[in-house]
Amino acid sequence: MDKIMEKDTANYKDYTLLSYHHIPGVHNIDVFERAGGYEMMKKWVGAEPETIKEEVKQSGLRGRGGAGFPTGVKWGFFTKDRAAKKYLLCNADESEPGTFKDRFLVEKNPHILIEGMIISAWALGTQKGYIYIRGEFYQQAVILEKALKEAYAKGYLGKNIMGKGFDFDLYVHRGAGAYICGEETGMISSLEGKKGQPKLKPPFPAIKGYRGLPTMVNNVESLAAVPWIMRFGAAEYKKFGTEKSAGTKLFSISGDVNKPGVIEVPLGTTLKEIIEVHCGGMRNGNKLKAVIPGGSSSPVLNADDSYAVKMDYEDVASKGSMLGSGAIVVIDETRNMGDILKYTLEFYHHESCGQCTPCREGTGWMESIFKRRESGKAQKSDIELLDKTAASMRGQTICALADAAAMPTQGMIKFFRPELETYVTTNVNSNKR
Amino acid sequence: MSSHGVEKSHSQGAPFKFTAENLAKYEELLTRYDDVESALLPVLHLVQEQNRWLPTEAIEYVSELMKIPEIKIKEVISFYDMFYDVPVARNMVHVCTNITCSMFGGREIYQGLLKHFDTDYLTPTRDGRISLQKMECLGACEMAPCMRINNDYVGPVDLVAAIQKLEELP
């Protein structure tokens with residue numbers, strides 16, 4: 001993973017989120033500050049909040065957790081009553097299969113996130129914030145705790161920050177192993193000490209969130225982009241990327257490439273360049289078969305579309321998939337798509353929170369087709385059944401998990417139906433489990 | 001999660017209470033939240049740091065301490081993969097069986113480890129050393145196939161390397 005960064009160190013000015021990553025020990029607050037860290041917090045905390053919000057809105061930054069909703073617009077839904085009790089919640093529950101960019105960012109540079117959160121908290125007028133990090137990321141939670149302690153010691157957090165009459169407390173909150181807690185209302189339920197079950201929207205968390213109070217939920221990568229935007233301005237940020245997909249994006253690439261890892265490139269970079277230049281090409285020189293472009297919930301692209309697509313929100317959507325969290329899983333010709341779909345469906349069945357019938361039952365039915373295969377009872381027509389089941393689950397539930405299971409299933413069937421039909425009717429002894 | 005259901009809780013046959021040090025940590029945790037309930041997940045993590053798993057006695061203790069009904073605590077425990085209401089060993093090993101890790105043999109590693117250590121999902125090995133748990137995506141796909149040994153990520157590993165690493169555990 002580090003190798004990718006080392007290679008590009010000379011060009012670190014091309015980065016926004018990773019612009020400090022070439023500096024050894026930048027996870028320490030003193031090193032971070034010597035490199036210019038916390039300067040933007042010092043400049044902007046105490047400044048006109050609307051100016052900050054407007055700059056973020058103008059930058060075109062879109063939520064980096066997966067949905068791609070404009071961050072500045074989301075902030076615009078938040079109450080402007082600065083005295084009202086409200087919360088800032090950072091989504092670090094990175095659990096979408098294929099995604100590991102936030103882990104990388106937090107490990108290498110926890111302070112860029114904290115600085116981004118303090119500026120955001122000031123702009124939004126929140127008095128308290130939490131970084132909800134998935135339970136498995138224990139060491140990353142420790143890194144964040146240490147960084148928070150350093151920031152408190154400098155007077156950047158707590159009461160009357162830098163003498164500017166602004167109070168903001170920030171804590172790490174660990175999850176305990178549940179994908180659905182990455183959904184913002186599921187996360188709020190979990191933070192409230194409950195099962196991580198999503199809530200109906202509206203009301204949106206910005207209006208009625210944690211403990212029934214206004215809560216702004218933003219992804220790690222979105223919040224970490226704020227200091228750069230406030231340093232160089234929205235116009236500079238928009239020079240990266242495309243008109244509708246502004247800025248740079250972290251991509252986490254895994255699977256059949258020579259150099260898997262995290263990269264930061266402008267939105268709109270071709271997937272071909274990402275695979276061939278940034279990831280050192282296909283593993284063993286194998287031929288590309290398919291790519292999951294935006295995490296396990298994004299429909300798969302076949303080889304032709306993969307080599308044609310530009311990695312921005314619009315172009316990936318035009319190919320019938322989505323950019324999601326920027327989790328790219330590269331699949332070569334040696335793989336059977338039946339295996340990939342089976343892993344995906346087992347995941348969604350396990351992670352369904354159980355609230356809504358179409359999701360709880362639907363994910364189970366879909367997985368059961370692959371179970372039938374193991375006992376030799378699956379039929380060719382089961383793929384049609386799978387397609388119909390997936391279609392019937394869409395748009396029927398409180399949160400997007402049912403859709404997240406249905407969309408990749410239908411996408412897979414669209415491109416690889418004959419392969420899947422052969423797969424389910426081939427009785428292999430289940431040594432692949 | 002849905003595939004688990006609410007299981008009946010197990011007794012460890014001995015009372016549970018926080019050590020003085022952990023009681024102080026508990027008090028500090030409460031100061032981070034605007035209500036007691038929000039501290040439930042961190043408190044359960046703290047119990048497991050002390051006791052490894054969450055027996056009936058610990059649930060009763062936490063219920064009494066935080067004034068949260070036992071059934072609510074059990075419900076939470078059953079929902080999250082990293083809370084254990086059955087005894088687990090002193091080393092917890094997570095093996096990722098999601099897409100990228102499975103492409104590189106994560107499932108074979110998990111099955112191979114179960115066989116080598118003659119155990120099953122979560123069941124401690126006879127020497128009480130290791131509990132194995134297959135996990136959904138651990139968020140470290142660049143290390144595929146990866147695993148977590150206690151709190152540390154390891155990967156990529158093959159079955160031989162995985163066995164060797166686990167054999168080195170105390």
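Some values worked out for this structure:
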quantity	calculated
Flag if A:Glu115 is closer than 18 Å to A:Phe32 by Cβ, surrounded by fewer than 24 Cβ atoms within 10 Å (Cβ to Cβ) and more than 10 Å from chain B (Cβ to nearest Cβ)	no
Considering residues of the range A:198-232 that are charged (D, E, K, R) and in a helix (DSSP H, G or I) only, the residue modelled with the lowest pLDDT	A:Arg231
Pair list, Cβ under 7 Å, 6 or more apart: the range A:87-98 residue closer than 11 Å to A:Ile133 by Cβ, other residue assigned to a strand (DSSP E or B) and among the β-branched types (Val, Ile, Thr)	A:Cys90/A:Ile131; A:Asn91/A:Val217; A:Ala92/A:Ile131; A:Ala92/A:Ile133; A:Asp93/A:Ile133
Residues within the range A:24-43 that are open to solvent by 40 Å² or more (accessible area, probe 1.4 Å) and either among the aliphatic types (A, V, I, L, M) or not in a loop (DSSP other than H, G, I, E, B) (or both), tallied	6
Yes/no for A:Lys259 being among the basic types (Lys, Arg) and in contact with a Leu (Cβ under 6 Å, 6 or more places away or on another chain)	no
Output for the range A:358-381, where each listed residue is away from every other protein chain (no Cβ under 14 Å), over 24 Å from A:Val291 (Cα atoms) and open to solvent by less than 20 Å² (accessible area, probe 1.4 Å)	A:Arg373, A:Ala378
Where A:Glu276 falls short, out of the listed (1) part of a helix (DSSP H, G or I); (2) open to solvent by 10 Å² or more (accessible area, probe 1.4 Å); (3) under 30 Å from A:Ala47 (Cβ atoms)	(3)
Subset of the range A:188-204 [more than 9 Å from every other protein chain (Cβ to nearest Cβ) and buried (at least 24 other Cβ atoms within 10 Å of the Cβ)]	A:Ile188
Residue among A:Asp312, A:Asp305, A:Asp332 that is among the charged types (D, E, K, R), more than 14 Å from chain B (Cβ to nearest Cβ) and touching a residue at least 24 places away in the same chain (Cβ under 8 Å)	A:Asp312
Condition check for B:Pro42: away from every other protein chain (no Cβ under 11 Å) and either more than 18 Å from the chain's Cα centre (by Cα) or over 15 Å from B:Leu122 (Cα atoms) (or both)	no
Per-region count, the range B:111-149, residues charged (D, E, K, R), touching a residue at least 12 places away in the same chain (Cβ under 8 Å) and more than 14 Å from chain A (Cβ to nearest Cβ)	1
Yes/no for A:Tyr237 being open to solvent by less than 10 Å² (accessible area, probe 1.4 Å), over 25 Å from A:Ala405 (Cα atoms) and at pLDDT 95 or above	yes
Only one of A:Gly281, A:Gly212, A:Gly247 that is surrounded by fewer than 23 Cβ atoms within 10 Å (Cβ to Cβ), more than 14 Å from chain B (Cβ to nearest Cβ) and not hydroxyl-bearing (Ser, Thr, Tyr)	A:Gly281
Residue that is farthest from A:Pro227 (Cα to Cα) [pool: residues in the range A:65-94 that are hydroxyl-bearing (Ser, Thr, Tyr) and open to solvent by less than 10 Å² (accessible area, probe 1.4 Å)]	A:Tyr87
Members of the range A:106-131 found to be over 17 Å from B:Leu138 (Cβ atoms), touching a His at 6+ places or on another chain (Cβ under 9 Å) and not polar (S, T, N, Q), listed by number	A:Lys108, A:Pro110, A:His111, A:Tyr130, A:Ile131
Flag if B:Asp152 is open to solvent by 60 Å² or more (accessible area, probe 1.4 Å) and either touching a helix residue (DSSP H, G or I) at 6+ places or on another chain (Cβ under 9 Å) or free of Cβ contacts under 8 Å to residues at least 40 places away in the same chain (or both)	yes
Filter pass, A:Ile133 being more than 9 Å from chain B (Cβ to nearest Cβ) and under 22 Å from the mean Cα position of the chain (by Cα)	yes
Single unsatisfied condition, A:Val262 versus (1) surrounded by 22 or more Cβ atoms within 10 Å (Cβ to Cβ); (2) in a loop (DSSP other than H, G, I, E, B)	(2)
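For (1) under 26 Å from A:Tyr130 (Cα atoms); (2) of a type in the set (Val, Ile, Thr); (3) open to solvent by less than 20 Å² (accessible area, probe 1.4 Å), each residue gets a yes or a no:
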{"residue": "A:Asp169", "(1), (2), (3)": "yes, no, no"}
{"residue": "A:Gly186", "(1), (2), (3)": "yes, no, yes"}
{"residue": "A:Asn218", "(1), (2), (3)": "yes, no, yes"}
{"residue": "A:Ser222", "(1), (2), (3)": "yes, no, yes"}
{"residue": "A:Ser252", "(1), (2), (3)": "yes, no, yes"}
{"residue": "A:Asn258", "(1), (2), (3)": "no, no, no"}
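The values are calculated or read from the model by the stated rules, or taken from the named source; none is laboratory data. Note that the structure is a prediction, hence the values are computed from the model and not measured. Here Cβ is always computed from backbone atoms with ideal geometry, including for glycine, and neighbour counts include all displayed protein chains. These area figures cover heavy atoms from the full protein model, side chains too; ligands, DNA and RNA do not enter into them. Shrake-Rupley method; radii C 1.70, N 1.55, O 1.52, S 1.80 Å.
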